[in-house]
Structures are given as C-alpha cells and as structure tokens.
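J.: Dumping the structure here so I can ask a few things about it.
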Amino acid sequence: MDFGSFLTNPEIKVKIVTYRDIFQDKAMLENRFGEEYRNRSAIIKLDPADLKQLNLKIGDTVTIKNSFGSVVVKAEESGYETPHRGIAYMPKGPWSITLISDETGGTGVPKFKDISVTITSAKGEKVTEIESLF
Amino acid sequence: MEKNYHVCTGCGLLCDDIEVEAEKNIINKVLTACRIGVAHMKEGKGEAIFRVDNKPVDEAVAISEAATILKNAKNPLIFGLGASTNETQKIAIELAKKINATLDDTSSFCLGSLVEAIIREKIKTCTLDEVRNKADVIIFWGTDPSDSHPRHLSKYSYFPRGKEKQRGWEEERTAIAVDVRKSHTAKICGNYFFQIPPKGDAEFIDALIAGLSGKLPKTSYNYPPKKILELANILKGAKFGVIFAGRGLVNSLENLEPIFRLMKALNEKANFHLMPMVGSCNTMGFNENLFAETGYVNSVKFENGTVLHGPEYSIVESLKAKTVDAALIIGSDPFSILPGSIVKNLLEIPVVSIDSYETLTSRNSKVYINTAVSGVEAGGTATRMDRKKVSFEPFIETNHPSEETILKKIMEAL
Amino acid sequence: MTNAMELYQMLPKTNCKKCGKASCMAFAVALMGRELKPEDCPPLKEEPKYKENYEKLSSLFKPSEGTTETGLIVHEDLCFGCGNCVVACPPNVANDPYGVGSGNAPTNANKLVLAVENGIVKAQNLGECRRFGKNKTLCNGCIVTCPVEAIEFV
C-alpha cells in the first residue's frame, strides 16, 4: 500500500541517476549564470506515474531533499518507454551535486551514482538560483 | 586545395579537422565542429579580468596576491588542469613541488584508476585511428559519447569508413550500449542496448563472462539470460573489439577487478581493447605527465622532494578532512562537479581561481585571474583520449594571458 | 513517408492515361519522384468523388515551410552537430570517401548533401540526395543515425 499518496502533500522516495546533456554543456560554456543553463540543469525527469502520484503537471516545481541538501527544480517526464518508477534522472551540475552524500569510505570517490532523495510538490515556488546554492 | 585546419579543444577527442572563418578576432563561421566545439571556440570574450576580494585589480596585484596565499599556506591544494596544455601542466607540477602542495585533478573521482591501468599496460588498449580502420564490435559502457564527445561515433567509432572497414557501419560494425538509461548513444545502438539497474555493472560483467564460456548467465535483477547469451555470442566473434568505458561503469564498481576479469575472458575468445572515455581535452595529458614525474596519475602530495600518494591526497578527501589550507584551481569548477557537502569546505580557505571564464569557483575565490582559452587563444600541446599528442596554434588574438604565462609569473613571484 | 503503393490507393485507378502516363501506378511513381504533381491527374482534380483524396494528396506534396525539394527538414533546435548523418549519407560517402566518408572534414564540399556548419547540420546540393529525382529511393541513412530525431522527411 502506498501511503504517500494519501498525504495532503504527497511525497515520494526516488533514486537519482545523473546524466550529461550536450545542450546543457553548451549553455554552460556560453554563460553558466544564464537562464538557459539553469533551465537545462535545474530539472528532474520522472516516470509519468510518479509525476501523477505527486499531483504534478510537467513544468511544476518540486523540492528534492535529503540529509545533504535541498533544491527546488522543475519536474519533467523522462520520455523513456520503459517504466522506471522510483528512479529519476537529473543532469550533472550544481543542482544535482548538492544532493550527493559526503560519504566516500575514504576512497576519494563520492557516490555519484547513489543519490536517494524525497520529492514533494513545490507548486508556485521558484527554481533555486545558482547563486544561492553555495 | 590545402586547407588550414584547427584543433578543437572542446573535449577529449581533440578533433583536428575544424575550419574556422574569423575576421578581426570574431569567429564568423565554424565548419565540422559540433555544438560544444563551437560554443567552446566562441567562449573567450571581453577584457581580461583580474580580481582580488571581488575588486578589479591589475595583473601584477593579482599575481602577487596569489603568490602570497600559496606562500603562507602550509598545505596548499593545486587542482584542475584538465583543459590545460601539457606545458602548463608541467609547470603546475613544478609549482606543486616548490610549495609542497597536494596536487590532484578530476580523474581521482572519474576515470583515473582506469587511465592508470592503461598507462601501466594492465589493460590492452588501442588508438582511435585503429578503431576507425578496424573495429567491428564497439561497446559503449556507462558512457554517452553523443552528449560528451559528440563526434566520437561519426569520426571514429561507428559510422566512418576505415581501411579495413570499407562497406560501412550497417554491414561491418556492431555498436552496443550498456547503460542505466537510454541515452542518445543507446538509442543509436537500437536492439543492442542493454539496460541494467544502477550499480548492476559488476553483476552484468560476471553474467557476461559466464555467457562467454557457455554457462547460464545469472543476475540478481533477473536480466534475461537469452539476451546476455546473445551479447556474448556477438563479442566472441569480434576480430577487433573495443570497449569505451565511462564513469557510469567505473563509478559503479568497487574496484577494477570486474573489468580485468572481463577483458581477460574476452581476450581468451576474441580480440578486445578498452579505452577510457576521458572527458576534458587534456585530462589524459595530466595523468601521463604526473605519472612520468611521480609514478602516480593523481592524488599526490609533494613534501620536500618526496612524493606521497593515496586517496587522502585527492581533492575529495583533502577537502573533506580539511587538510588543505589554500587552493589554486586551474581551469576547473569544483562547485559544479563535487558534492556540495564536500566542496563547501572550499569556502573556508583562500582560493585562487585561474580560468578562461567565470564560474562558481571564480566567484567564490579570493583571487581570480581570467586567462586565454587554450586551443583558441593560446597554443600548446594536449593528449587525446587515446594518448596521441596533438599540437595546436592559437587562431584568435587576445589580451588575456595564457595559463602558462600566469603560472610562470606566480612561480617567479614565489 | 508514403510509398508509391499508398499513393496509388488514393488515385482513381482507371488507367485513363490523361496524365500522359501509361497507368495510375506509373502516375503514382511519377508523383513519388516529384516528376508530376497531384493536379496533373485531371479526373482526380476535377471529379468531386475524388475530392477528399485529391486534398490529401495535395497536402502530402505541398511544400511546407522550411522544407527542401526532397522534403528534408533539419530541426536546428534539436541538432547538435555530431555529424553522424554527414558520415552515413550514401551520396556523401560516394562523393567524398576520404573526407566525410571517413569521418573527416569535407574535401569536396560542393557535392555534399549534408555538412555541419556552426554546430548544426545543413542540407544542401539536394540533387545528390537519394530521395531526389527519377531514381529516388527511400533512403533513411541520415534519419536512423541521428541520436535526436533532428532530421525528417515530410
């Protein structure tokens, strides 16, 4: 039973996989403090069913949170044919890295591929500005 | 007609066939380069900026302040250099020796371990030109070159005709993607896309090894054995196979043992090579140059003529443990690539940022020196992802100093 | 994209020869090759019972904005200049085997159908495209190699 959906502000738990997007890199080279870079970076791509559970439309903002950080980004549909509930995709960059654990086991390598977060609706809220990330 | 080609330093591919039409130092037209390359070439702009404490200063003041910070530090960190020329990197190594610095680059948390295995010849590798001329089975594992190295497939790994590959990609090459998501590259691989769960790589490797020797491939995530056997059969038939390995693969493994096992198994049945998908234009050069000097590819600390090495000297651990008390960051933006929980410690120490453009790091630094773009406004040599040396001349004039000049001046000021 | 058989299905199928071709099938092939236009079939154009099919066919062959003679459209906002299509395009390979055919910069730019300029692919010299002219084929070399569906034929 999925109790999350009965809450007034539903909450889901997902694992984030980060990826690289050429248009984001291009926007970064042009101006990493610009709007295009933010629009290309401050997004999370969800399974349509997860989006629905959060009562969200494409383009609504969400708060992504764990013990390492919290950011507000826009929610999108992943567009992948294969369902992937519980797994979400975020481009690499200043927004997604605020959610990465500082636990490294002394290896020098952060767990870039192991990001667990909770997502809640942040309808009406603005996407976190790059300047306020640090 | 003899054409004047330029080298693109936008990524680790270092494409050497770019035509640029420029007038009065403004680039009008770029031919053959991808979008990243074009954006990279047009990156340099405006007047050179020198800042101390967020106030504009002249070059001499910025250099002197940078030298003072490094001189006063007990254990400064030098980091970055992935987009710097070999010449700049060698000066940075000298500088690190002189000031007893900790020296590291992004490879310590990216592909450094794999690059080291290649440099130490623990894994069979090849050149991109060999891939173009000979490769028949190409695997993209945990990497999406379409987004990171856009011309990888068209210039070398899949689509071009090569000396022994004259009939074209449809007939003579098989491209395979193993990844946790359907990337743009995976899309091109069509039916040969093998989607595995996050951190499922090691198991997939062992299942594939089982499949190669005709055993039933098993995974805890119940990957269809038939598909793995089908893949194993393709790999067995490779006359010149190559695995392009990315961070998706390396970051999901505890160590490189599964890769060593796979390469051994593949080379018992077929002929396989491996190449790390090195991202920045000269990360490979940094790893080679540091290796030649110290025997290590990253994460070193110089101490009165000796070299210490280990993860504790990586940027991640040294920032986390706060063992470094100043940082010189060259052509890199740790605030965009390292966990916020770790990189925030940079805010507590004086930072000197040397970069060709404004970044989160430059904005959070005590000293910022805005340099020329290597490969566009400054010349030198860089080392391609397959270890080929490529040299380039600047083709846009600039009043920005090169990284090389700045590092030399900092050395002198010390 | 449609093929000649699908076009034939929308024709009167009377083989009246008023278009100058021997049969409706021949007319369909000529339509495909853009040698003739839907209005070159008098019954189709004039008779009310074919009105729906005539409009459908006309819209199929109406040159929409931005399309070239072969119907090739590049969605510039999607393209990132990887050059896969440039290298895979059969006429490009035939006309410039050691340049673009081998993954390199063009050495024979005036015969290339596709080339990358300012990071985006440009279509040109469409007379060389395999979808053009009498002996056209439904070549899709540039479409299947595109990672972002930036090229389509309409």
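J.: Give or take rounding to whole Å, what are the principal axis extents of the alpha carbon atoms in the stretch B:29-102, in descending order?
T.: 48, 29, 16
J.: May I ask you to evaluate 6.51 cos²θ - 1.76 cosθ + 1.60, the Karplus curve with θ = phi - 60°, for each residue of the stretch B:333-338 and list the ³J(HN,Hα) values in order in whole Hz, giving x for glycine and proline?
T.: Listing the rounded values in order: 10, x, 5, 9, 10, 10 Hz.
J.: Then there's this: Averaged across the residues of B:316-322, what count of C-beta atoms belonging to other chains lies within 10 Å of each residue's C-beta? Before the final figure, lay out the partial values.
T.: Numbers: counts 7, 5, 1, 1, 6, 1, 0.
Going residue by residue through B:316-322 and averaging, the value is 3.
J.: When Cβ neighbours within 10 Å are restricted to other protein chains, what is their mean count per residue of peptide A:94-106?
T.: Values: counts 8, 2, 3, 10, 6, 3, 6, 3, 11, 4, 8, 2, 8.
Partner Cβ neighbours, averaged per residue: 6.
J.: Taking 8 Å as the Cα distance limit and 6 or more residues as the minimum spacing, I'd like the relative contact order of the stretch C:4-61 as a percentage.
T.: Values: 65 pairs, mean separation 18.1, N = 58.
Computed value for the stretch C:4-61: 31 percent relative contact order.
J.: Counting only other residues whose beta carbon sits under 11 Å from that of A:Val17, what net charge do I get with K and R as +1, D and E as -1? Can you show the working numbers first?
T.: Details: positive: A:Lys15, A:Lys45, A:Lys92, A:Lys113, B:Arg181, B:Lys199; negative: A:Asp114, B:Asp179.
Net of charged neighbours comes to +4.
J.: Continuing with the same structure: How do B:8-15, B:134-141, C:88-95 rank on mean C-beta neighbours within 10 Å, highest first?
T.: B:8-15, B:134-141, C:88-95
J.: Around C:Leu31, with a cut-off of 9 angstrom between Cβ atoms, what is the net charge of the other residues, counting Lys and Arg +1 and Asp and Glu -1?
T.: Details: positive: C:Arg34, C:Lys37; negative: C:Glu35, C:Asp40.
Local charge sum for C:Leu31: 0.
J.: Tell me, what ³J(HN,Hα) does each residue in the stretch B:264-274 have, in order and in whole Hz, if you take phi through Karplus 6.51 cos²θ - 1.76 cosθ + 1.60 with θ = phi - 60° and put x for Gly and Pro?
T.: 5, 4, 5, 7, 6, 9, 8, 10, 10, 10, 9
J.: So, one more: From a point 7 Å beyond the Cα of B:Arg120 in the direction of its Cβ, which residues of the stretch A:107-123 have a backbone N at a distance under 18 Å?
T.: A:107-109
J.: What size of dipole, in debye to the nearest 20, comes out for chain C about its Cα centre when the only charges are +1 on Lys and Arg C-beta atoms and -1 on Asp and Glu C-beta atoms?
T.: I would put it at about 740 debye.
J.: Something else now. Percent relative contact order of the stretch A:3-129, based on C-alpha pairs within less than 8 angstrom and at least six residues apart?
T.: Numbers: 258 pairs, mean separation 47.4, N = 127.
This gives 37 percent for the stretch A:3-129.
J.: In what order do B:Arg384, B:Arg261, B:Arg120 fall by count of nearby beta-carbon atoms within 10 Å, going from fewest to most?
T.: Details: B:Arg384 22, B:Arg261 15, B:Arg120 11.
Ascending number of Cβ neighbours within 10 Å: B:Arg120, B:Arg261, B:Arg384.
J.: So for the stretch C:106-154, averaging the separation of alpha carbon pairs under 8 Å that are six or more residues apart and normalising by length, what relative contact order in percent results?
T.: On the way: 37 pairs, mean separation 9.5, N = 49.
Result for the stretch C:106-154 is 19 percent.
J.: If you average the alpha carbon positions of the stretch C:13-43 and of the stretch B:93-130, how far apart do those two centres end up, in angstrom?
T.: Comparing the Cα centres of the stretch C:13-43 and the stretch B:93-130, I get a distance of 67 Å.
J.: A further question follows. List the GluC sites (Glu not before Pro) within the stretch B:228-292 that fall in a DSSP loop (any state other than H, G, I, E or B) and whose Cβ has at most 11 other Cβ atoms within 10 Å.
T.: Working: sites: B:Glu230, B:Glu254, B:Glu268, B:Glu288; in loops: B:Glu254.
Within the stretch B:228-292, the qualifying GluC sites (Glu not before Pro) (loop, at most 11 other Cβ atoms within 10 Å) are B:Glu254.
J.: So, by mean Cβ neighbours within 10 angstrom, what's the order for B:394-402, C:75-83 with the highest one leading? If you can, show how the numbers build up before the last one.
T.: On the way: B:394-402: 17.4, C:75-83: 20.9.
Packing proxy ranking, top to bottom: C:75-83, B:394-402.
J.: Next up: Helix-derived [θ] at 222 nm for chain B: sum -39500 (n - 2.57) over DSSP H runs of at least 4, divide by residue count, nearest 500?
T.: Working: 18 runs with 145 residues, N = 414.
Only helices count here, giving -9500 deg cm²/dmol.
J.: Further question on the same structure: If amide H atoms are built 1.01 Å from N in the plane of the peptide, which residues on other chains or at least 5 residues away come under 5 Å of the amide H of A:Ser101?
T.: Hits under the 5 Å cutoff: A:Lys111.
J.: Looking only at other chains, what is the average number of their beta-carbon atoms within 10 angstrom of each beta-carbon in A:29-39? Each step should come with its number before you reach the end.
T.: Values: counts 13, 6, 4, 8, 4, 0, 0, 0, 1, 0, 0.
So the per-residue partner count for this stretch is 3.
J.: Quick query: amide H of B:Met275 versus all other amide H atoms, modeled in the peptide plane; which residues come in under 5 Å with a sequence gap of 5 or more or a different chain?
T.: Correct list: B:Ile243, B:Phe244, B:Ala245.
J.: While we're here: What is the sum of charges around B:Asn54, taking Lys and Arg as +1, Asp and Glu as -1, for the other residues whose C-beta is under 10 Å from the C-beta of B:Asn54? Before the final figure, lay out each step's value.
T.: Working: positive: B:Arg51, B:Lys55, B:Arg363, B:Lys366; negative: B:Asp53.
Combined, the nearby Lys, Arg, Asp and Glu give +3.
J.: Of B:Tyr296, B:Tyr221, B:Tyr156, which is the most mobile in a GNM of chain B whose springs link Cα atoms less than 10 angstrom apart?
T.: So, out of B:Tyr296, B:Tyr221, B:Tyr156, the one fluctuating most is B:Tyr221.
J.: What's the longest piece of chain A with no exposed GluC sites (Glu not before Pro), counting a site as exposed if DSSP puts it in a loop and it has at most 11 other beta carbons within 10 Å?
T.: Numbers: sites that count: A:Glu81, A:Glu129.
That gives A:1-80 as the longest site-free run.
J.: Once amide H atoms are built 1.01 Å from N in the peptide plane, which residues 5 or more positions from C:Gly119, or in another chain, come under 5 Å H to H?
T.: Sorted by chain and number, the residues that satisfy this are B:Thr32, B:Ala33.
Read-outs: derived from the displayed coordinates by stated rules, not from any lab. Because the structure is a prediction, the values reported are computed rather than measured. Counting neighbours? That spans all protein chains shown, and the Cβs are built from the backbone with ideal geometry, glycine included.
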